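This report concerns only the one structure given below.
Laboratory data are not the source of any read-out in this text; all were calculated from the coordinates shown. Since the model is a prediction, treat every value here as computed from it, not as a measurement. All Cβ positions, glycine included, derive from the backbone under ideal geometry; neighbour counts span all protein chains shown.
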Amino acid sequence: MALMQCHFFSEALGLSTTMTVILPQNTSTQIGMENRAGSHRHPTLYLLHGLSDDDSIWLRRTSIERYVASMGIAVVMPQVHRSFYTDMEYGGKYWTFISEELPALARSFFPLSDKREDNFVAGLSMGGYGAFKLGLRKPEMFAAAASLSGALDLAGSSLNDGLNREMQMIFGDSPIQGSDNDLLSLLQQLDQSKGPKPKLYQCCGTEDFLYDDNQTFLKACQDTSLDLTYAEGPGAHDWGYWDDKIQDVLNWLPLRKD
């Protein structure tokens, strides 16, 4: 695998930012690693960080580089600060950045596929919210979306109580419920649409403080025709859980066979 941190300027954000990128590489003599890369433009997983983290965190807290080495996929990990992947009321246009600018820039820098069937998104906590938001609002872009311990019910979550002022800076005074930032509303809209629908994967530990939010999303999704794989079991909101479950996500991805 090739690993790089890419520093670049974002027109959407009006500032310089970073993304950490893993690219497939064919090797035959690397000890302890099986590396594979196809001859075409690489399938890509956009892997999103949580509220207190950055674009380096998945690499630092898990073995993601080792896990994807034999899969022949690229992993793009962007930096979005504490934005909830949203065009903030008082702040940067992070939804525009993550949903439009970042994929186009990444493909201009690296040999990444632009085909829907080759593009996937996953994330943890705030990043789980971002992953499902991308999958539900941009189903023409992503074949699959996965949430690990995601903040999936922002309109009804107790999370708002602890981050009240910060959430107001992000979402403003308008209610989240029923808006394009409400995953439960987006589920209904996508279910009623005639366009493509991504496969969804959701997991959450039973000891996680976001477990109830995940149950709310699960029940709402089960009332639709969307293809959801759900997994739960013992686990808290921590990296031991996410390091384990990202491996399940990778095995679940609907990768095309060469």
Handout entry: Principal-axis tilt of helix 126-137 within the chain, Cα atoms, nearest 10 degrees
Key = 90 degrees
Handout entry: Positive-end residue, the chain charge dipole about Cα centroid, Cβ charges, pick of 44, 172, 111
Key = 111
Exercise for the section: Jot down the per residue volume, in cubic angstrom and as a whole number, of the convex hull over the alpha-carbon atoms of the chain. Expected result: 120 Å³
Handout entry: Under the Karplus curve 6.51 cos²θ - 1.76 cosθ + 1.60, θ = phi - 60°, whole-Hz ³J(HN,Hα) for the stretch 95-103, x wherever Gly or Pro sits
Key = 5, 4, 4, 6, 8, 10, 6, 4, x
Fill in the blank from the handout: Over the chain, the sum of -39500 (n - 2.57) across DSSP H runs of at least four, divided by residue number and rounded to 500 deg cm²/dmol, gives at 222 nm -8500 deg cm²/dmol
Fill in the blank from the handout: Sorted by chain and number, the residues with a modelled amide H under 5 Å from that of residue 201, at a separation of 5 or more or across chains, are 145, 146, 147, 229
Problem - Solvent-free Debye scattering, log10 I(q)/I(0), computed from the Cα coordinates of the stretch 62-204 at q = 0.09, 0.13, 0.17 Å⁻¹ - result: -0.28, -0.59, -1.00
Handout entry: Two-site FRET efficiency, residue 224 against residue 29, from Cβ-Cβ distance with R₀ of 41 Å, rounded to 0.05
Key = 0.25
Completion exercise
Longest principal axis of the chain (C-alpha) makes with the long axis of helix 239-252 (C-alpha) an angle, in degrees to the nearest 10, of 70 degrees
Fill in the blank from the handout: Dipole check, the chain, charges on Cβ (K,R +1; D,E -1), about Cα centroid: among 148, 59, 23 the Cα furthest to the positive pole belongs to 23
Practice task
Please get the size of the charge dipole for the stretch 104-240, origin at its Cα centre, with Cβ charges of +1 on Lys and Arg and -1 on Asp and Glu, quoted in debye to the nearest 20.
Solution key: 620 debye
Fill in the blank from the handout: Taking a crude spin-label model, label points 7 Å out from Cα along the C-beta direction, the residue 165 to residue 236 distance in nm is 2.8 nm
Completion exercise
Where a ≥ b ≥ c are root eigenvalues of the Cα gyration tensor, a/c under 1.5 meaning rounded, otherwise prolate if a/b exceeds b/c and oblate otherwise, the stretch 1-143 counts as prolate
Practice task
Normalising by the residue count of the chain, find the relative contact order in percent from Cα pairs under 8 Å and 6+ residues apart.
Solution key: 17 percent
Practice task
Could you sort out which of 115/219; 93/138; 93/245 sit more than 27 Å apart by Cα distance in this structure?
Solution key: 115/219; 93/245
Practice task
Kindly rank 228-241, 92-105 from highest to lowest mean number of other beta carbons found within 10 Å of each residue.
Solution key: 92-105, 228-241
Handout entry: Shape category assigned to the stretch 42-93 from the gyration tensor of Cα positions, a/c cut at 1.5
Key = oblate
Problem - Charge dipole (debye, nearest 20) of the chain; +1 at Cβ of Lys and Arg, -1 at Cβ of Asp and Glu - result: 900 debye
